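Below: the structure, in structure tokens.
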Amino acid sequence: MGKSTLLNALTNANSRTGSYQFTTLTAVPGMMQYNGSKIQILDLPGIVEGASKGRGLGRKVLSVARNADLVLMILDVFQPELLNILEKELHEVGIRVNKKHPEVFIEKAHLGGLSIHNQGSSISDQLVREVLKIHGINNGRIVIKEPNLTVEELIDAVSGNRIYLPSLVVLNKIDLVDNQFISDINRKLKNFIPISADHKINIDHLKRSIYEKLAFIRIYLKPRGNKADYEEPLIMNRNCTIRDVCLKIHRNFVKDFKHAYVWGKSVKFSSQKVGLDHILEDKDVLRIILR
């Protein structure tokens, strides 16, 4: 599939490559740099059908995937149908790709029985009670705000061990086919990124897609009396607050926080004085004042 070649194209890694499948037998790390961010990418052994049940190195590979922030599913241009196997194996170990966590909130209690507040779902209260009891929850309060909640999503929410991850589908080796071949695949497989790791086709587009899917923003810190550091921005997740920034720098920053000044899109005017709950935007300049 060319995973190792792709890792080498994206990062400074030197992962072993070969013309046959399953060359990679261990997790090989590499560091991709983009827009001032450093993103670690792991080249994992290929997944085969039955991986979630222990076939091959499946369980080890999938356990690593559970701790990722983004899953890249690399497909050979001649085997796009393998996407269904990848998604199935990820699903079997509790990884939900490109899905949001269902709006189901559970508060467990020791006494008092079950209180169910269903705000629009078609699932009956009786079925909700049965699912809860199967999972050992006999007392507490459950609030369902998901209007189109399925039984499987309800079980996921009650289980509490599902992982929701963004994902990108990458179709490799497009240099071996023509545009008509790609168009034919596009009718069957939606939202994929066509690349050639060998010839470095669309690699920059893939890097940008990874960065955007991770929803990063850049924050430029401006210490008192100094210029903003535009060379090494602080990389944060979209919709982060100044509190989040303080916690990333040092845990005592929240305790000692006095106020902050912000320049950029998130404020109405330059050097606006803001508090811990202010939401930052990409390329904001931030100065934190401590007591």
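The values are calculated or read from the model by the stated rules, or taken from the named source; none is laboratory data. Not measured: the values here are computed from a predicted model. Ideal geometry is used to build each Cβ from the backbone, glycine not excepted, and the neighbour counts take in all protein chains shown.
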### Query
What tally of residues in region 183-193 results from selecting those that are outside any loop (DSSP other than H, G, I, E, B) and touching a residue at least 40 places away in the same chain (Cβ under 8 Å)?
3
#### Entry: Residue within region 259-281 that is surrounded by 13 or more Cβ atoms within 10 Å (Cβ to Cβ), outside the structural domain of Y34 (by TED's automatic domain parsing), within 26 Å of the chain's Cα centre (by Cα) and more than 25 Å from Y211 (Cβ to Cβ) present
yes
### Query
of a type in the set (G, A, S) and at pLDDT below 90 - does that describe any residue in region 78-95?
yes
### Query
Within the bounds of region 249-257, is there any residue that is more than 27 Å from Q40 (Cβ to Cβ) and either assigned by TED's automatic domain parsing to the domain that holds Q40 or surrounded by 12 or more Cβ atoms within 10 Å (Cβ to Cβ) (or both)?
yes
### Query
If you go through region 34-66 one residue at a time, how many are at pLDDT below 70, part of a loop (DSSP other than H, G, I, E, B) and in contact with a helix residue (DSSP H, G or I) (Cβ under 9 Å, 6 or more places away or on another chain)?
6
### Task
Would you kindly identify the strands (runs of 3 or more DSSP E) lying entirely within region 200-291 that contain at least 3 residues that are closer than 30 Å to V71 by Cβ?
216-221, 234-237
### Task
Can you run down the residue pairs with Cβ atoms below 6 Å, 6 or more apart or on separate chains, where the first is in region 127-146 and modelled with pLDDT of 90 or more and the partner is buried (at least 16 other Cβ atoms within 10 Å of the Cβ) and small (G, A, S)?
I144/S121
### Query
Going by the conditions given, is D125 closer than 30 Å to A197 by Cβ and not aliphatic (A, V, I, L, M)?
no
### Query
So how many residues does region 150-181 have that are closer than 13 Å to F105 by Cα and more than 21 Å from the chain's Cα centre (by Cα)?
3
### Query
Quick check, is D156 surrounded by fewer than 19 Cβ atoms within 10 Å (Cβ to Cβ), touching a residue at least 60 places away in the same chain (Cβ under 8 Å) and out of contact with any helix residue (DSSP H, G or I) (no Cβ under 6 Å at 6 or more places or on another chain)?
no
#### Entry: Matching option when the condition is closer than 30 Å to G264 by Cα and modelled with pLDDT of 95 or more, among L234, L206
L206
